[in-house]
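Engineer: Structure provided below as structure tokens; questions to follow.
The values are calculated or read from the model by the stated rules, or taken from the named source; none is laboratory data. As the structure is a prediction and not an experimental result, all values here were calculated from the model. Reconstructed Cβ throughout: ideal geometry from the backbone, glycine too, with neighbour counts over all protein chains shown. Please note that ligands, DNA and RNA were not included when accessible areas were found on the heavy atoms of the full protein model with its side chains. Shrake-Rupley method; radii C 1.70, N 1.55, O 1.52, S 1.80 Å.
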Amino acid sequence: MTEPLVVLKGVNKHFGDLHVLKDIDLTIGKGEVVVVIGPSGSGKSTLCRTINRLETFESGSIEIDGKPLPEEGKALAALRADVGMVFQSFNLFAHKTILENVTLGPIKARGVKKADAEKRAMELLERVGVAHQAQKYPAQLSGGQQQRVAIARSLAMDPKVMLFDEPTSALDPEMINEVLDVMTSLAKSGMTMVVVTHEMGFARRAANRVVFMADGQIVEEAAPETFFTNPTSDRAKDFLGKILTH
Amino acid sequence: MGDLSFAAVLSAFWLTIQLALFSAVGALVLGTIIAVMRVSPVRVLQMLGTWYVNTFRNTPLTLLMVFGILGATYTLGINLAPSSINDNNFRWAVVMLSVYHAAFVCEALRSGVNTVPAGQAEAARAMGLTFGQTMSQVILPQAFRGAIAPLGSTLIALIKNTTVAAVIGNQEAAGLMSETVENQGSSIGIFLIFALGFVILTLPLGLLFTSMSRRLVVKR
Ligand SMILES: Nc1ncnc2c1ncn2[C@@H]1O[C@H](COP(=O)(O)OP(=O)(O)O)[C@@H](O)[C@H]1O
Ligand SMILES: [Mg+2]
């Protein structure tokens with residue numbers, strides 16, 4: 001593996017009595033693409049949200065690029081700026097134009113000049129194929145276009161690692177590929193990525209590793225081809241049996 | 001209509017307008033601060049905000065007004081304009097109108113905050129914006145636009161509630177009306193003149209806010 005970028009050691013988290021993350025150990029190397037897969041409710045979203053501290057955790061440690069996660073305040077905001085996040089429901093700012101959505105972070109969190117931020121934003125919007133929509137508002141775009149804007153918005157912060165939480169689950173089928181294509185080219189360009197998804201095509205094409213979660217635990221880790229053709233745990237076999245019949 | 005001159009009515013309503021303008025600004029600023037406290041992640045601030053709203057929304061405005069003069073000025077010696085009784089009365093009226101209506105502004109804004117999907121605040125935090133930046137850039141602009149109708153109702157209530165300032169000696173519209181009635185006896189005519197004045201102030205505002213809330217709604 002390359003130099004480690006995200007390192008989780010013995011991470012535990014509860015929601016009340018519910019033990020959602022159980023002793024999670026996970027290391028993600030620079031430039032690595034890790035797909036997280038597992039049944040609904042197994043803790044995949046919580047894992048992503050814990051990595052950039054949208055959720056707190058009780059024990060264990062999380063380091064990003066050698067630095068432990070800060071508790072609160074400015075240091076935490078700075079860390080989050082380095083960790084991009086793309087959500088299932090896009091979460092674009094509804095009152096801002098597409099261009100403003102992409103420039104807000106760089107201008108406010110990084111102190112980039114407006115003109116520079118706009119120039120870079122247009123390049124990124126070009127890259128994800130929505131540059132011609134720059135002056136529109138999110139509600140005027142299709143779901144697939146919105147999600148590509150959300151990816152551009154994350155990229156504008158020059159993140160060290162990007163987290164994707166089921167980025168295509170809320171999309172109509174005909175729009176899934178346009179988003180996966182952007183993600184695949186991002187993976188090829190060397191971005192470090194953690195992707196929660198059930199899209200096996202993407203996992204095979206772009207991932208270095210598949211992590212299978214069930215009941216808050218990492219049950220199995222393997223290269224995509226190995227995992228999909230020859231899973232070792234019963235939970236994984238059972239799960240793959242269910243999603244493959246669809 | 002006896003001695004009630006048009007000039008006197010105008011100058012009384014001018015004072016009403018001044019009370020309303022200053023208090024509206026005060027209530028908007030204070031109400032926004034309280035609303036931000038109530039949605040902040042800090043428990044102590046949340047509790048303070050909740051306490052504020054419960055206290056001031058449930059205290060009669062007349063009581064607050066009287067407290068400004070009898071309690072604050074005479075008992076505690078907090079005079080807001082030592083050289084002029086009229087100015088002290090006016091300033092206390094503005095303070096109390098602001099303090100009272102801030103509680104309603106806060107609740108209107110909170111209803112506006114609820115129109116903003118939680119995911120947007122999360123996206124803002126996730127990209128490294130601080131709480132203050134998330135509020136000012138993402139949540140509040142949409143909250144104001146989602147709360148225009150209740151904010152408008154609060155402003156209209158505030159304009160009508162300026163009449164309570166008469167109890168501490170402000171010669172605004174209601175003050176002039178009760179003085180006129182005392183001196184000349186009551187008449188439907190006098191009552192109608194003042195009622196009309198308030199309708200002229202509030203009716204266009206109501207229409208304006210209704211059309212604004214339609215035009216400025218955030219498309220989702
Ligand atoms: N904010 C929360 N409060 C309480 N329980 C939660 C919360 N978020 C998630 N959970 C619970 O934690 C478990 C894991 O959820 P999640 O991480 O969303 O799973 P996944 O993304 O794998 O479907 C589920 O049982 C879910 O109901
Ligand atoms: Mg999930």
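Engineer: Conditions first: (1) over 17 Å from the mean Cα position of the chain (by Cα); (2) within 13 Å of chain B (Cβ to nearest Cβ); (3) within 16 Å of ligand 2 (Cβ to nearest atom). A:Phe15 passes all but one, so which condition is the exception?
Structural biologist: (2)
Engineer: Next up: Which members of the stretch B:134-153 meet the condition of being open to solvent by less than 20 Å² (accessible area, probe 1.4 Å) and either away from every other protein chain (no Cβ under 14 Å) or not polar (S, T, N, Q) (or both)?
Structural biologist: B:Met135, B:Val138, B:Ile139, B:Ala143, B:Ala147, B:Ile148, B:Gly152
Engineer: So if I check each of A:Ala109, A:Ala134, which one is away from every other protein chain (no Cβ under 13 Å), buried (at least 16 other Cβ atoms within 10 Å of the Cβ), of a type in the set (A, V, I, L, M) and over 19 Å from the mean Cα position of the chain (by Cα)?
Structural biologist: After ruling out the rest, the residue left standing is A:Ala134.
Engineer: Which ones in the stretch A:216-230 are at pLDDT 95 or above and in a loop (DSSP other than H, G, I, E, B)?
Structural biologist: The answer is A:Gly216, A:Ala223.
Engineer: Somewhere in the stretch A:98-106, is a residue more than 12 Å from every other protein chain (Cβ to nearest Cβ) and either in contact with a helix residue (DSSP H, G or I) (Cβ under 8 Å, 6 or more places away or on another chain) or open to solvent by 10 Å² or more (accessible area, probe 1.4 Å) (or both)?
Structural biologist: Among the residues of the stretch A:98-106, at least one is more than 12 Å from every other protein chain (Cβ to nearest Cβ) and either in contact with a helix residue (DSSP H, G or I) (Cβ under 8 Å, 6 or more places away or on another chain) or open to solvent by 10 Å² or more (accessible area, probe 1.4 Å) (or both), which makes the answer yes.
Engineer: Here are some residues: B:Thr16, B:Thr73. Which one is under 20 Å from B:Leu201 (Cα atoms), open to solvent by less than 40 Å² (accessible area, probe 1.4 Å), part of a helix (DSSP H, G or I) and of a type in the set (Ser, Thr, Tyr)?
Structural biologist: B:Thr16
Engineer: Give all pairs with beta carbons closer than 6 Å in which a residue from the stretch A:138-166 that is in a helix (DSSP H, G or I) meets a residue that is away from ligand 1 (no atom under 16 Å from the Cβ) and among the charged types (D, E, K, R); count only pairs at least 6 apart in sequence or on separate chains.
Structural biologist: A:Ala139/B:Lys219; A:Ala139/B:Arg220; A:Gly144/A:Glu178
Engineer: How about the stretch A:170-184: which of its residues are open to solvent by less than 70 Å² (accessible area, probe 1.4 Å) and not aliphatic (A, V, I, L, M)?
Structural biologist: Those that are open to solvent by less than 70 Å² (accessible area, probe 1.4 Å) and not aliphatic (A, V, I, L, M): A:Glu178, A:Thr184.
Engineer: Do we find a residue being among the basic types (Lys, Arg) and touching a strand residue (DSSP E or B) at 6+ places or on another chain (Cβ under 9 Å) anywhere in the stretch A:220-236?
Structural biologist: Yes; the residues of the stretch A:220-236 include at least one that is among the basic types (Lys, Arg) and touching a strand residue (DSSP E or B) at 6+ places or on another chain (Cβ under 9 Å).
Engineer: Which helices (runs of 4 or more DSSP H) sit wholly inside the stretch A:16-113 and have at least 3 residues that are more than 16 Å from ligand 1 (Cβ to nearest atom) and of a type in the set (Gly, Ala, Ser)?
Structural biologist: In the stretch A:16-113, A:73-82 are the helices (runs of 4 or more DSSP H) which contain 3 or more residues that are more than 16 Å from ligand 1 (Cβ to nearest atom) and of a type in the set (Gly, Ala, Ser).
Engineer: Looking at A:Ala206, A:Ala187, A:Ala236, which is the one that is among the small types (Gly, Ala, Ser), crowded, with 17+ Cβ neighbours inside 10 Å and within 16 Å of ligand 1 (Cβ to nearest atom)?
Structural biologist: Just one listed residue meets the conditions, A:Ala236.
Engineer: Right, next: I need every pair where a residue in the stretch A:176-189 that is without any contact (Cβ under 8 Å) to a residue 60 or more places away in the chain has its Cβ under 7 Å from the Cβ of a residue that is hydroxyl-bearing (Ser, Thr, Tyr), sequence separation at least 6 or different chains.
Structural biologist: From the stretch A:176-189, the pairs are A:Ile176/A:Thr168; A:Val179/A:Thr168; A:Leu180/A:Thr168.
Engineer: Here is a further query. Is it true that some residue in the stretch A:86-96 is crowded, with 21+ Cβ neighbours inside 10 Å, under 17 Å from A:Met193 (Cα atoms), touching a residue at least 24 places away in the same chain (Cβ under 8 Å) and touching a strand residue (DSSP E or B) at 6+ places or on another chain (Cβ under 7 Å)?
Structural biologist: Among the residues of the stretch A:86-96, at least one is crowded, with 21+ Cβ neighbours inside 10 Å, under 17 Å from A:Met193 (Cα atoms), touching a residue at least 24 places away in the same chain (Cβ under 8 Å) and touching a strand residue (DSSP E or B) at 6+ places or on another chain (Cβ under 7 Å), which makes the answer yes.
Engineer: Also, I was wondering about something else. Could you say which residue among B:Val116, B:Val42 is at pLDDT below 95 and within 14 Å of another protein chain (Cβ to nearest Cβ)?
Structural biologist: Result: B:Val42 is the single residue among B:Val116, B:Val42 that is at pLDDT below 95 and within 14 Å of another protein chain (Cβ to nearest Cβ).
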